[in-house]
Amino acid sequence: MTTLSRLVAVAALSLPLVASPGTAVAAEPAGTPALTSVIPAPARVTADPNTSFRLASRTVVRVSPGARAVGERLAAELRPATGFALPVVAAAARSAPAISLMLDSSAAPLGSEGYELTSGAGALTIKAYRAAGLFAGTRTLLQLLPTEIDSPTPVRRAWTVAGGRITDQPRFAYRGAMLDLARHFHTPGEIKRYIDEISRFKVNHLHLHLSDDQGWRIQIDAWPRLTTVSGGPGTGVDGVGPGFLTKSQYSDLIAYAAERFVTIVPEIDMPGHVNAAQVAYPELTCDGVAPPPRTDTAVGYSSLCIGSETTYRFVEDVIRELAALTPGPYLHIGGDEAHATPEADYVAFMQRVLPLVTKYGKTAYGWNELAKAPAASTAVAQYWNTGATNPTLAAAVTRGTKVVMSPANQAYLDMKYDRDTPLGLSWAGYIEVRTAYDWDPATRLPGVAEPAILGVEAPLWSETLRTLDDIEFMAFPRLPALAELGWSPVSTHDWTSFATRLGTYGPRWTLRDVNFYPSPQIRWS
């Protein structure tokens, strides 16, 4: 991580030390994190100052049937800093302090991701209707433990959780992040690290942009040159972003994400943004001539040949193979910036392609332009424009289209923070943390009210990104702001509260070596 962000947060960890052979010893902190300190803000909090839970060497993690995987993950996360054994058991002796993870039908009103966390003397219990809710509760628990819980090595100290109860559930079912692999290929290891971080904020979808004019990043057996040619050396912006996911690597990422209750959403952009596909297969053009490879950042110049049956054979092959690989419900078909496709051809293309997604068992998903097609009534449209109105999308909503909100001037993580930001673009404006936080998805567009909104997504395009450090610098701390919009009820929305909670989170990123941007809008601990 950069020296700047490390120094900003590390001061909070400069606690007096007492010698102890082989183990760092931190002094007792000024206070235990409050139940209200969590990001995203919980729905309901009832503090009890007369009690607390102490995680100690004798603590066990107690799990009900169906909860063991979540329990094992939590124990593995707590062991490095505490140095405790934290055995995961089906039952615990009455005298042993326990963190209990319980699947319970009484929690059904909280939905599949809701949970109740109760902290008191000798026991901390997380109760949920489904395992996803238990996992969400453990993300809250990690933030309720002192900052040093993120230390990679043991820290001798009291590990105390404030007493009381949190009852929590998400506002929106879909809370997403997007990572662009086409403009610059990011390795499976980098993607996994990103999954680790976004899941801490209860983000439950990762949208992977797998094709564009500059590169093709997913193996398709029926069309092998897509990756051997357009995923090879010289692809990507400036020709420095080669690589692609094999089917095995893609499946491994899906499994890794699923263990953290994150659903992978694959995107193949069409009918525009297809230059890389046409370089590999000239028959996808109308004249049969391969275009030159593109490594610049221009958009809107490429189009599939709408009247050619080869186009639809190609599209169906790609959809079929990708749907077979993807257990999640969504398959994103892009549809944005198709300036080289006449509007009538665009609608005709979508009328043919949207049903293909359904044919292979998936819900079609695309950028908001696809709302022009009548067949989009059963699809999800992702709003990415910057305008205050979108009559086409509002009309589609009346026909049944659901919406994911990603307005570029508030949710695009590749926009610069300010004019001096070394990475990113600025076509949609500068986006500081408060800009990312201070809006409401349900009032952003007339005619697109809360019942039509599936959720919120934070896209991160890779034109200027090259490394994991670059990804982290642009995503954090803005992604937690958008995660809170997706999870927390409107009644909790408060900039001052969020800024305070975010400021105290900074040292946790430092301990995990996350290269976050130390925004001057935030008073970092």
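For region 38-132, the share of DSSP beta bridges that are antiparallel, to the nearest 5, is 30%. 3J(HN,Hα) along region 130-147, derived from phi through the Karplus expression 6.51 cos²θ - 1.76 cosθ + 1.60 where θ = phi - 60°, amounts to 9, 4, 4, x, 4, 4, 4, x, 5, 5, 5, 4, 4, 7, 7, 7, x, 3 Hz, with x in place of Gly and Pro. Taking a straight Cα-Cα cut-off under 22 Å and skipping sequence neighbours fewer than 8 places away in the same chain, the lysines within cross-link reach of K362 are K247, K372, K402.
What whole-number value in cubic angstrom gives the convex hull volume per residue for the C-alpha atoms of region 458-525? Mind showing how you got there, number by number?
On the way: hull volume 6.1 nm³, N = 68.
Value for region 458-525: 89 Å³ per residue.
Using the Cα gyration tensor of region 230-358, with a ≥ b ≥ c the square roots of its eigenvalues, what is the shape: rounded (a/c below 1.5), prolate (a/b larger than b/c) or oblate (neither)? Taking the square roots of the gyration eigenvalues as a ≥ b ≥ c, region 230-358 is oblate. Axis of helix 495-511 versus longest Cα principal axis of the chain: the two differ by about 80°, to the nearest ten degrees. Taking amide hydrogens as placed 1.01 Å from N in the peptide plane, the amide H of V89 sits under 5 Å from those of V61, R62, V63, each at least 5 positions away in sequence or on another chain. Each other residue within a Cβ distance under 12 Å of I306 adds +1 if Lys or Arg and -1 if Asp or Glu, for a net charge of -2.
With both bridge residues required to lie in the chain, what share of the DSSP beta bridges run antiparallel, to the nearest 5%? Intermediate results must be reported in sequence, preceding the final value.
Working: 21 of 67 bridges.
Within the chain, antiparallel bridges account for around 30 percent of the total.
Suppose every Lys and Arg Cβ carries +1 and every Asp and Glu Cβ carries -1, with no other charges. What dipole size does region 275-370 come out with about its Cα centre, to the nearest 20 debye?
Values: 6 positive and 12 negative charges, 73 e Å.
Using Cβ point charges on Lys, Arg, Asp and Glu, region 275-370 gives about 360 debye.
May I ask for log10 I(q)/I(0) of region 136-188 at q = 0.13, 0.14, 0.21, 0.23 Å⁻¹, from a Debye sum over the Cα atoms as equal point scatterers with solvent left out? Ignoring solvent entirely, the Cα scatterers give -0.62, -0.69, -0.90, -0.95. For region 146-244, the C-alpha radius of gyration sits at 1.58 times the compact-globule guess of 2.2 N^0.38 Å, with N the residue count.
The dipole here belongs to the chain: it is taken about the Cα centre, uses +1 on the Cβ of Lys and Arg and -1 on the Cβ of Asp and Glu, and is about 2020 debye. Spread over its residues, the convex hull of the C-alpha atoms of the chain is 147 Å³ per residue.
With r as the distance between the Cβ atoms of T153 and D196 and R0 = 25 Å, compute the FRET efficiency 1/(1 + (r/R0)^6) and round to 0.05. According to the calculation, E is roughly 0.85.
Given the rule -39500 (n - 2.57) for each run of at least 4 DSSP H residues, summed and divided by the residues of the chain, what is its mean residue ellipticity at 222 nm, to the nearest 500 deg cm²/dmol?
Values: 15 runs with 158 residues, N = 525.
Roughly -9000 deg cm²/dmol at 222 nm, from the helical runs in the chain.
Each 10 Å bin, from zero up to the one with the longest distance, holds this percent of the alpha carbon pairs of region 70-164: 16, 48, 32, 5.
Couplings 3J(HN,Hα) for region 50-61, derived from phi with the Karplus relation 6.51 cos²θ - 1.76 cosθ + 1.60 (θ = phi - 60°), are 8, 8, 6, 10, 10, 6, 9, 5, 8, 5, 10, 9 Hz, where x marks Gly and Pro. Distance between the modelled labels on A290 and S308, one decimal in nanometres: 1.4 nm (7 Å Cα→Cβ projection).
Computed from phi, the 3J(HN,Hα) profile of region 456-468 under the Karplus parametrisation 6.51, -1.76, 1.60 (θ = phi - 60°) reads 10, 9, 10, x, 10, 7, 10, 3, 10, 9, 10, 10, 4 Hz, with x in place of Gly and Pro. Amide H to amide H distances under 5 Å link S52 with A121, where only residues 5 or more positions off or on other chains count and H is placed in the peptide plane. Net charge near A381, counting Lys/Arg +1 and Asp/Glu -1 over other residues with Cβ under 9 Å of its Cβ? Computed value for this residue: 0.
Straight-line cross-link partners of K202 among the lysines, defined as a Cα under 20 Å from its Cα and at least 8 positions apart when in the same chain: K127, K192. Take the convex hull of the alpha carbons in region 366-496; its mean projected area over all directions comes to 8.3 nm².
Say R0 is 30 Å: what FRET efficiency, to the nearest 0.05, do A123 and A76 get from their beta-carbon distance?
On the way: r = 21 Å, r/R0 = 0.70.
In this case the efficiency is close to 0.90.
Compute the signed sum of charges (Lys and Arg +1, Asp and Glu -1) over the other residues within less than 15 Å, Cβ to Cβ, of N368. Mind showing how you got there, number by number?
On the way: positive: K372, R399, K402, R444; negative: E267, D269, D336, E337, E343, E369, E457.
Counting the neighbours of N368, the net charge comes to -3.
Scanning residues 5 or more positions from A47 or on other chains, those with amide H under 5 Å from its amide H are R165, with H placed 1.01 Å from N in the peptide plane. With the simple model of a label 7 Å out from the Cα in the direction of the Cβ, N50 to D420 spans 5.2 nm.
Rule-based calculations on the coordinates, nothing more; no lab input. Since we're looking at a predicted model, the values are computed, not measured. All Cβ positions, even for glycine, are placed from backbone atoms using ideal geometry, and neighbour counts span all protein chains on display.
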